[in-house]
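Notes follow the structure.
The values are calculated or read from the model by the stated rules, or taken from the named source; none is laboratory data. What you see is a predicted model; the values in this text were computed from it and never measured. Here Cβ is always computed from backbone atoms with ideal geometry, including for glycine, and neighbour counts include all displayed protein chains. Just so you know, the surface numbers come from the protein's heavy atoms only, side chains and all, with ligands and any DNA or RNA stripped out. Shrake-Rupley method; radii C 1.70, N 1.55, O 1.52, S 1.80 Å.
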Amino acid sequence: MSVDVLLGLQWGDEGKGKIVDVLTPRYDVIARFQGGPNAGHTLKFEGKKFVLRSIPSGIFQKEKINIIGSGTVVDPQLFKAEIEALETSLGSLTSRLYISRKAHLILPTHRLLDSAYETSKGEDKIGTTGKGIGPAYTDKISRNGLRVGDIEHGLVEKYRVAVARHKTMLRQMNINYDLEQLEKDWFAGIETLKQFRLIDCENLLNSELRAGKTVLAEGAQGTLLDIDFGSYPFVTSSNTICAGACTGLGIAPSRIGKVYGVFKAYCTRVGGGPFPTELLDVTGEIIRDRGFEYGSVTGRPRRCGWIDLVALRYAVMIDGVTDLIMTKSDVLDMFETIRVCVAYEIDGKKTEDFPYEIGGNVRPVYVDLAGWQIDMTKIQSEKEFPKEFNAYLSFLEKALGVRVKIVSVGPDREQTIIRYEE
Ligand code: GDP
Ligand code: IMO
Ligand code: MG
């Protein structure tokens with residue numbers, strides 16, 4: 001069998017969590033392949049709302065196996081909090097949540113370093129989530145990291161060595177801190193991690209595939225935040241793109257089946273960095289209010305703007321998207337006109353290519369389409385789509401060269417329209 005991949009095509013928060021939950025009944029295993037608690041994946045059903053950070057969004061469906069993959073970074077303290085919150089409604093998760101031994105650990109000093117680096121950047125700060133993601137991945141790449149498997153292999157000694165190194169770095173930056181409580185919480189989190197099955201994720205997944213099981217790989221963040229192909233340096237520190245599912249899970253590229261690319265009917269970004277279609281006016285505020293665009297991890301207001309087909313086309317290409325999924329269609333319900341960015345004008349020259357650097361000289365070129373101006377949240381089938389909405393979908397499909405398989409018309413699991421099956 002093959003592994004299907006679901007990932008974000010913009011700057012994160014596209015609604016990946018909701019869609020993974022909707023698709024979970026079709027799969028045996030759901031595996032997060034990168035990122036850490038910088039993610040916030042929101043799910044709503046039966047009047048309840050949950051936000052997941054490190055745990056895959058398939059966790060609510062009992063008979064499924066969920067895996068925190070090798071390409072992720074895990075903060076034991078936040079993991080413990082996440083588990084405790086979920087177990088109050090779901091009961092014990094130890095039989096259906098496994099963790100890769102090769103996932104890296106986020107140390108409390110990684111969090112301190114994250115904030116110190118941000119402060120040192122001043123105006124140019126990335127606007128990270130402050131969860132220690134960059135420093136944890138830096139230690140991984142520089143071969144200084146601690147892995148989840150170290151819990152079974154001399155963790156305390158390895159922890160002391162790493163923390164001593166971090167302390168030197170913090171001293172050089174004149175950072176004052178008190179580690180005592182942070183360390184206690186961290187080691188309490190390690191005790192929680194010990195209750196779970198630690199696995200060699202590559203072996204387990206490949207043997208499940210040989211046995212005919214189906215796997216959905218869940219991405220975090222979005223393609224434009226990818227460390228290699230995103231809007232560098234305003235990116236996260238992992239490979240958020242489809243290839244990240246191979247390196248993050250130990251799956252061969254030839255195993256990849258469908259690639260589901262999730263995007264919002266408009267565009268948002270949280271933190272710093274370029275955003276050509278950003279709306280700093282009342283329209284942007286309306287989108288923020290209607291879409292409730294506030295970070296699910298940090299609570300920060302998200303920057304909002306029109307859909308950007310230059311950036312989306314680029315993401316579709318990098319990820320090899322086979323099926324598009326459009327979320328938050330309902331948020332645009334009230335607009336008479338909806339703008340679509342089809343090209344950029346850079347120093348007076350028009351281009352449809354995503355540039356090396358997006359500076360202040362990049363101007364979006366828009367096409368205006370008619371809005372549908374009806375409440376989409378109650379729609380139950382494609383037959384009820386207004387003609388303006390169909391025209392919007394067709395316009396996007398033509399520009400991106402891929403069909404939109406799923407349209408989400410509200411945050412609830414039920415507010416989802418699947419347009420076709422193969
Ligand atoms: P993720 O990080 O990609 O999983 O996305 P987030 O959970 O951070 O942000 C998406 C937000 O939009 C969440 O609050 C969801 O409940 C909500 N959401 C998802 N799909 C829809 C939709 O179709 N319409 C509306 N109005 N909200 C949605
Ligand atoms: P989900 O999975 C939106 C952004 C941060 C910052 C940059 C780097 O919920 O879509 P980091 O803490 O990773 O070093 O921050 O990336 N960012 C996200 N933005 N959604 C996310 O995750 C994000 N995870 C990180 O705001 O700009
Ligand atoms: Mg999110």
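Observations, loosely collected:
- Candidates in region 214-236 are the residues that are more than 10 Å from ligand 2 (Cβ to nearest atom) and crowded, with 24+ Cβ neighbours inside 10 Å; of these, the one that is farthest from Lys125 (Cα to Cα) is Val215.
- Count of residues meeting criterion [open to solvent by 50 Å² or more (accessible area, probe 1.4 Å) and within 16 Å of ligand 2 (Cβ to nearest atom)] in region 377-422: 1
- Members of region 248-264 found to be surrounded by fewer than 24 Cβ atoms within 10 Å (Cβ to Cβ) and within 21 Å of the chain's Cα centre (by Cα), listed by number: Gly250, Pro253, Ile256, Gly257, Lys258, Val259
- Inside region 367-376, residues that are open to solvent by less than 40 Å² (accessible area, probe 1.4 Å) and part of a loop (DSSP other than H, G, I, E, B) make up a count of 3.
- Residues satisfying the stated conditions in region 28-56, i.e. outside any strand (DSSP E or B), closer than 28 Å to Arg313 by Cβ and either open to solvent by 10 Å² or more (accessible area, probe 1.4 Å) or near ligand 1 (Cβ under 9 Å from one of its atoms) (or both): Asn38, Ala39, Gly40
- Contacts under 8 angstrom Cβ, first residue in region 179-191 being more than 17 Å from Lys167 (Cβ to Cβ), partner polar (S, T, N, Q), 6 or more apart: Asp185/Gln77; Ala188/Gln77; Gly189/Gln77
- Subset of region 54-72 [farther than 23 Å from Gly410 by Cα, more than 16 Å from ligand 3 (Cβ to nearest atom) and at pLDDT 95 or above]: Lys64, Ile65, Asn66, Ile67, Ile68, Gly69, Ser70, Gly71
- Taken over region 210-238, the criterion of being away from ligand 1 (no atom under 16 Å from the Cβ) and either in a strand (DSSP E or B) or over 20 Å from Phe275 (Cα atoms) (or both) is satisfied by Arg210, Ala211, Gly212, Lys213, Thr214, Val215.
- Looking across region 170-186, just one residue is of a type in the set (Phe, Trp, Tyr) and open to solvent by 50 Å² or more (accessible area, probe 1.4 Å), and that is Tyr177.
- The lone exception for Val3 - which of (1) buried (at least 22 other Cβ atoms within 10 Å of the Cβ); (2) within 15 Å of ligand 2 (Cβ to nearest atom) it fails: (2)
- Among the residues making up region 292-317, those that are of a type in the set (Gly, Ala, Ser) and open to solvent by 10 Å² or more (accessible area, probe 1.4 Å) are Gly295, Ser296, Gly299.
- In this entry, Leu93 passes the filter for residues that are more than 16 Å from ligand 1 (Cβ to nearest atom), over 18 Å from the mean Cα position of the chain (by Cα), open to solvent by less than 30 Å² (accessible area, probe 1.4 Å) and within 14 Å of Leu193 (Cβ to Cβ).
- Verdict on Leu182 being assigned to a helix (DSSP H, G or I) and at pLDDT 95 or above: yes
- Here Asp347 meets the list (1) surrounded by 15 or more Cβ atoms within 10 Å (Cβ to Cβ); (2) over 26 Å from Pro37 (Cα atoms); (3) not aliphatic (A, V, I, L, M) almost entirely, failing just condition (1).
- Single unsatisfied condition, Arg313 versus (1) in contact (Cβ under 8 Å) with a residue 40 or more places away in the chain; (2) touching a strand residue (DSSP E or B) at 6+ places or on another chain (Cβ under 7 Å); (3) closer than 25 Å to Asp228 by Cβ: (2)
- Condition met for Tyr137 (under 30 Å from Arg269 (Cβ atoms), within 27 Å of the chain's Cα centre (by Cα), open to solvent by 20 Å² or more (accessible area, probe 1.4 Å) and among the aromatic types (Phe, Trp, Tyr)): no
- If you go through region 1-53 and keep only what is within 11 Å of ligand 3 (Cβ to nearest atom), charged (D, E, K, R) and within 16 Å of Asp412 (Cβ to Cβ), you end up with Lys16, Lys18.
- Residues satisfying the stated conditions in region 6-24, i.e. open to solvent by 10 Å² or more (accessible area, probe 1.4 Å) and under 16 Å from Asn66 (Cα atoms): Lys18, Val22
- In a residue-by-residue description of region 276-289, the property of being within 16 Å of ligand 3 (Cβ to nearest atom), more than 17 Å from Thr129 (Cα to Cα), basic (Lys, Arg) and crowded, with 22+ Cβ neighbours inside 10 Å applies to no position.
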